[in-house]
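Below you'll find the structure, written out as structure tokens, and then a few comments.
The values are calculated or read from the model by the stated rules, or taken from the named source; none is laboratory data. Here the structure is a predicted model, which means the values were calculated and not measured. Note that each Cβ is placed from the backbone with ideal geometry, even for glycine, and that neighbours are counted across all protein chains shown.
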Amino acid sequence: MTLSRLLLACSLALPACACTRETTIADHDGKALVDALAAAQSGTGPHRIILARHGSYVLTSPSETGLLLPSITGELTIEGNGAEIRSYADGAIALLEIGREGNVTLRDLALAEGTDGAIRNFGVLHLISTRVQDSTGNRSSSIVLNHGKLLMEDSTVAFNSLDGDERDSGMVLNYGDLLVDNARVQDNVISHGVNGVLNLGRGRIEGDASSMLVRRAGP
């Protein structure tokens, strides 16, 4: 099944709703971005956030304990338009977490400078032309952690560093369902673990995977 057909099947499985709440965020308005994300919770219907073209959103404090942005439990699409969300917060901070009920699409967006990994997904996450970069993980097992359903399409995980002290460590660590289509995991540094995708769940690679190391632990 091609990626487009898979996405179509997933979309048909979702309840129909014509009432999408759309919010446009001005360049540099990090507070408005946090407020819009906080509103995208379970039971509130689909949300669509549109960022400024090539905008910059720098946040200096966490929205929740250990998280730069509010965790997402609803249906959300972020149209990045080439924008970047970057953390300058102190302490060990991941950038984004998707809860079990969350269904999130990030399109044409950069997420940068998490200090406890970058993304944790427990729901459904679709990365389209999205860049996960400049993040570190001194006590994390991954930069991108997936326990749900993760689709990476034309996206990049690059210029990150990970100590990888955990037994199972990888730049992208998959325990759930993973589909990688023409994505890149490259130009990263890891002390221990897999400098690429460590697949401990159900994973499939489509397109050119020459730039990434893909490994499944165990026999």
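So if I check each of 109, 125, 150, 178, which one is assigned to a strand (DSSP E or B), touching a Ser or Thr at 6+ places or on another chain (Cβ under 7 Å), at pLDDT 95 or above and not aromatic (Phe, Trp, Tyr)?
On inspection, the qualifying residue turns out to be 109.
Regarding the stretch 105-113, can at least one residue be identified that is within 18 Å of residue 27 (Cβ to Cβ) and of a type in the set (Val, Ile, Thr)?
Taking every residue of the stretch 105-113 in turn, none turns out to be within 18 Å of residue 27 (Cβ to Cβ) and of a type in the set (Val, Ile, Thr).
What about residue 164, is it assigned to a loop (DSSP other than H, G, I, E, B), closer than 18 Å to residue 71 by Cα and either of a type outside the set (Phe, Trp, Tyr) or under 13 Å from the mean Cα position of the chain (by Cα) (or both)? Working first, answer last.
Numbers: assigned to a loop (DSSP other than H, G, I, E, B): yes; closer than 18 Å to residue 71 by Cα: no; either of a type outside the set (Phe, Trp, Tyr) or under 13 Å from the mean Cα position of the chain (by Cα) (or both): yes.
So residue 164 does not fit the description; no.
Just one of the numbered conditions (1) surrounded by 21 or more Cβ atoms within 10 Å (Cβ to Cβ); (2) among the charged types (D, E, K, R); (3) farther than 16 Å from residue 58 by Cα is not true of residue 113; which one?
Here residue 113 clears every test but (3).
When the residues of the stretch 34-73 are filtered to those that are touching a helix residue (DSSP H, G or I) at 6+ places or on another chain (Cβ under 7 Å) and not β-branched (Val, Ile, Thr), which remaining residue is surrounded by the most Cβ atoms within 10 Å (Cβ to Cβ)? Steps first, please.
Of all residues in the stretch 34-73, those touching a helix residue (DSSP H, G or I) at 6+ places or on another chain (Cβ under 7 Å) come to 47, 49, 57-59, 63, 69-70, 72.
Pick out the ones that are also not β-branched (Val, Ile, Thr) and you get 47, 57, 59, 63, 69-70.
On the way: 47: 21, 57: 25, 59: 20, 63: 18, 69: 23, 70: 20.
Taking the candidates together, the pick is 57.
May I ask you to list the residues in the stretch 181-219 that are in a loop (DSSP other than H, G, I, E, B), modelled with pLDDT under 85 and in contact with a strand residue (DSSP E or B) (Cβ under 8 Å, 6 or more places away or on another chain)?
If the condition is that a residue be in a loop (DSSP other than H, G, I, E, B), modelled with pLDDT under 85 and in contact with a strand residue (DSSP E or B) (Cβ under 8 Å, 6 or more places away or on another chain), then 207, 209, 211, 212, 216, 217 are the ones that fit.
Being out of contact with any Ser or Thr (no Cβ under 6 Å at 6 or more places or on another chain) and hydrophobic (A, V, I, L, M, F, W, C) is the filter here, so list the residues in the stretch 181-194 that pass it.
Within the stretch 181-194, 185, 190, 194 qualify.
Out of everything in the stretch 128-147 that is among the polar types (S, T, N, Q) and part of a loop (DSSP other than H, G, I, E, B), what residue ends up being surrounded by the most Cβ atoms within 10 Å (Cβ to Cβ)? Give the derivation first.
First pass over the stretch 128-147, keeping only residues among the polar types (S, T, N, Q): 129-130, 133, 135-136, 138, 140-142, 146.
Those still in the list that are part of a loop (DSSP other than H, G, I, E, B) too: 129-130, 135, 138, 140-141.
Details: 129: 16, 130: 25, 135: 28, 138: 13, 140: 24, 141: 19.
Only one residue tops the list, namely 135.
Taking the stated definitions as given, is residue 138 touching a strand residue (DSSP E or B) at 6+ places or on another chain (Cβ under 8 Å) and at pLDDT below 95?
Against the criterion (touching a strand residue (DSSP E or B) at 6+ places or on another chain (Cβ under 8 Å) and at pLDDT below 95), residue 138 qualifies.
Quick one: how many residues across the stretch 164-175 are closer than 19 Å to residue 133 by Cβ and either at pLDDT 90 or above or among the basic types (Lys, Arg) (or both)?
The total comes to 5.
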